[in-house]
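Peer 1: So that we are looking at the same thing, I have put the structure below in structure tokens.
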Ligand SMILES: NC(=O)c1ccc[n+]([C@@H]2O[C@H](COP(=O)([O-])OP(=O)(O)OC[C@H]3O[C@@H](n4cnc5c(N)ncnc54)[C@H](O)[C@@H]3O)[C@@H](O)[C@H]2O)c1
């Protein structure tokens with residue numbers, strides 16, 4: 001199917017706003033962006049407000065009544081933090097699961113099944129046994145957030161046995177890049193560790209390393225995530241499957257702190273977080289022809 005009109009949910013957030021930038025630059029698609037600004041920031045997209053190919057709707061996705069005009073939906077809207085999902089459980093179920101199902105129900109009611117590129121998470125693997133971790137790894141959700149992401153994946157799989165759904169799940173590893181840290185977000189303490197460490201360092205504070213810092217992360221630049229979304233959308237033969245989107249290497253949180261600052265402090269380990277994330281990205285390379293282009297060390301050098 002030819003893509004002309006797309007919807008990006010959660011477009012004022014970190015990854016969503018970078019996806020808006022990417023698609024406006026690389027395609028001639030018309031982009032509708034929806035965000036209720038619960039954790040996002042309008043400033044992230046305001047540079048595009050006068051672009052005739054861009055339209056912003058400030059609303060919750062739960063109020064979406066039609067998706068008929070779209071050829072592709074990039075679904076990023078969520079409350080995307082592990083720790084708060086333990087505390088505000090029903091709110092996270094409603095935002096991460098029910099609202100996602102609402103979009104799918106609208107597609108079913110309208111019998112219109114655009115490509116649906118869903119932002120899932122490596123959190124669904126918990127602490128994986130296979131390193132690097134392929135998509136076939138056993139699921140082991142350590143938090144309500146991870147569980148909600150996995151539930152959406154399973155609903156998509158189940159409903160696709162009855163309806164001609166057309167989805168791709170992208171399991172992001174540990175994203176970093178411009179706008180990853182929003183100081184106005186009430187959950188900012190749980191956003192990307194790269195963004196938090198850089199923000200603290202650049203504001204005269206030392207990085208706070210959780211546990212002993214030996215936990216390893218596969219850091220992936222947000223540009224590479226945006227490219228994966230684009231490739232998932234345009235590859236019409238790639239349907240109803242999941243891809244790991246990581247860099248395919250790791251850095252410990254302590255080594256990350258050392259790259260940013262000579263001084264750092266330790267805070268207690270948090271439950272519900274994996275000891276290691278390390279993506280096997282062979283499937284995305286082979287089927288999407290997707291290759292990460294960025295390197296975390298270069299990003300840090302140019303941001304301190
Ligand atoms: N950043 C990460 O570490 C990470 C890792 C894996 C997966 N993901 C997933 O990627 C997606 C984007 O994450 P992010 O890091 O950009 O987070 P973010 O908080 O910066 O962006 C999420 C956006 O969704 C919006 N939103 C929330 N509920 C909404 C609703 N009901 N209606 C409309 N908009 C709503 C928020 O206002 C925000 O702008 C999420 O689905 C997240 O679960 C993120």
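The values are calculated or read from the model by the stated rules, or taken from the named source; none is laboratory data. Keep in mind that this is a model prediction, so the values were computed, not measured. Reconstructed Cβ throughout: ideal geometry from the backbone, glycine too, with neighbour counts over all protein chains shown.
Peer 1: Quick one: in the stretch 105-127, which of the residues that are in contact (Cβ under 8 Å) with a residue 60 or more places away in the chain and over 18 Å from residue 5 (Cβ atoms) is nearest to the ligand (Cβ to nearest atom)?
Peer 2: 119
Peer 1: Please determine whether any residue of the stretch 28-36 is out of contact with any strand residue (DSSP E or B) (no Cβ under 8 Å at 6 or more places or on another chain), within 6 Å of the ligand (Cβ to nearest atom) and not in a strand (DSSP E or B).
Peer 2: The first filter runs over the stretch 28-36 and keeps only residues out of contact with any strand residue (DSSP E or B) (no Cβ under 8 Å at 6 or more places or on another chain), leaving 28.
Among the residues that remain, those that are also within 6 Å of the ligand (Cβ to nearest atom) are: none.
Within the stretch 28-36, none of the residues are out of contact with any strand residue (DSSP E or B) (no Cβ under 8 Å at 6 or more places or on another chain), within 6 Å of the ligand (Cβ to nearest atom) and not in a strand (DSSP E or B).
Peer 1: Then there is this: Here is a check on your reading of the model: is residue 76 touching a residue at least 60 places away in the same chain (Cβ under 8 Å), crowded, with 16+ Cβ neighbours inside 10 Å and under 15 Å from residue 31 (Cβ atoms)?
Peer 2: Working: touching a residue at least 60 places away in the same chain (Cβ under 8 Å): yes; crowded, with 16+ Cβ neighbours inside 10 Å: yes; under 15 Å from residue 31 (Cβ atoms): yes.
When the stated conditions are applied, residue 76 passes them.
Residues are listed down the side, and each one gets a yes or a no for (1) at pLDDT 95 or above; (2) more than 9 Å from the ligand (Cβ to nearest atom); (3) on the phi > 0 side of the Ramachandran plot; (4) crowded, with 19+ Cβ neighbours inside 10 Å:
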| position | (1), (2), (3), (4) |
| --- | --- |
| 39 | no, no, no, yes |
| 45 | yes, yes, no, yes |
| 49 | yes, yes, no, no |
| 60 | yes, no, no, no |
| 63 | yes, no, no, no |
| 72 | yes, yes, no, yes |
| 91 | yes, yes, no, no |
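Residue-wise test of (1) touching a helix residue (DSSP H, G or I) at 6+ places or on another chain (Cβ under 7 Å); (2) over 30 Å from residue 5 (Cα atoms); (3) without any contact (Cβ under 8 Å) to a residue 24 or more places away in the chain; (4) surrounded by 16 or more Cβ atoms within 10 Å (Cβ to Cβ).
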residue	(1), (2), (3), (4)
191	no, yes, no, yes
198	yes, yes, no, yes
213	yes, yes, no, yes
243	yes, no, no, yes
251	yes, yes, no, yes
262	no, yes, yes, no
275	no, yes, no, no
286	no, no, yes, no
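Peer 1: Of the numbered conditions (1) in contact with a helix residue (DSSP H, G or I) (Cβ under 6 Å, 6 or more places away or on another chain); (2) closer than 26 Å to residue 39 by Cα; (3) more than 16 Å from the ligand (Cβ to nearest atom), residue 87 satisfies every one except a single condition; which is it?
Peer 2: (1)
Peer 1: Still on this structure, I have one more. What about residue 172, is it more than 16 Å from the ligand (Cβ to nearest atom) and over 24 Å from residue 266 (Cα atoms)?
Peer 2: On the way: more than 16 Å from the ligand (Cβ to nearest atom): no; over 24 Å from residue 266 (Cα atoms): yes.
In short, no.
Peer 1: Do we find that residue 140 is more than 15 Å from the chain's Cα centre (by Cα), away from the ligand (no atom under 14 Å from the Cβ), surrounded by fewer than 23 Cβ atoms within 10 Å (Cβ to Cβ) and farther than 19 Å from residue 252 by Cα in this structure?
Peer 2: Numbers: more than 15 Å from the chain's Cα centre (by Cα): yes; away from the ligand (no atom under 14 Å from the Cβ): yes; surrounded by fewer than 23 Cβ atoms within 10 Å (Cβ to Cβ): yes; farther than 19 Å from residue 252 by Cα: yes.
Answer is yes for this residue.
Peer 1: I'm trying to understand the selection: among the residues of the stretch 1-27, which are farther than 24 Å from residue 106 by Cα, away from the ligand (no atom under 16 Å from the Cβ) and either modelled with pLDDT under 95 or not in a loop (DSSP other than H, G, I, E, B) (or both)?
Peer 2: 24, 25, 26
Peer 1: Among the numbered criteria (1) without any contact (Cβ under 8 Å) to a residue 60 or more places away in the chain; (2) more than 15 Å from the ligand (Cβ to nearest atom); (3) out of contact with any helix residue (DSSP H, G or I) (no Cβ under 8 Å at 6 or more places or on another chain), which one does residue 157 miss?
Peer 2: Exception for residue 157: condition (1).
Peer 1: While we're here: Find all pairs meeting these conditions: Cβ atoms under 6 angstrom apart; at least six residues apart or on different chains; first residue within the stretch 36-50 and under 19 Å from residue 64 (Cβ atoms); second residue outside any loop (DSSP other than H, G, I, E, B) and more than 9 Å from the ligand (Cβ to nearest atom).
Peer 2: From the stretch 36-50, the pairs are 45/20.
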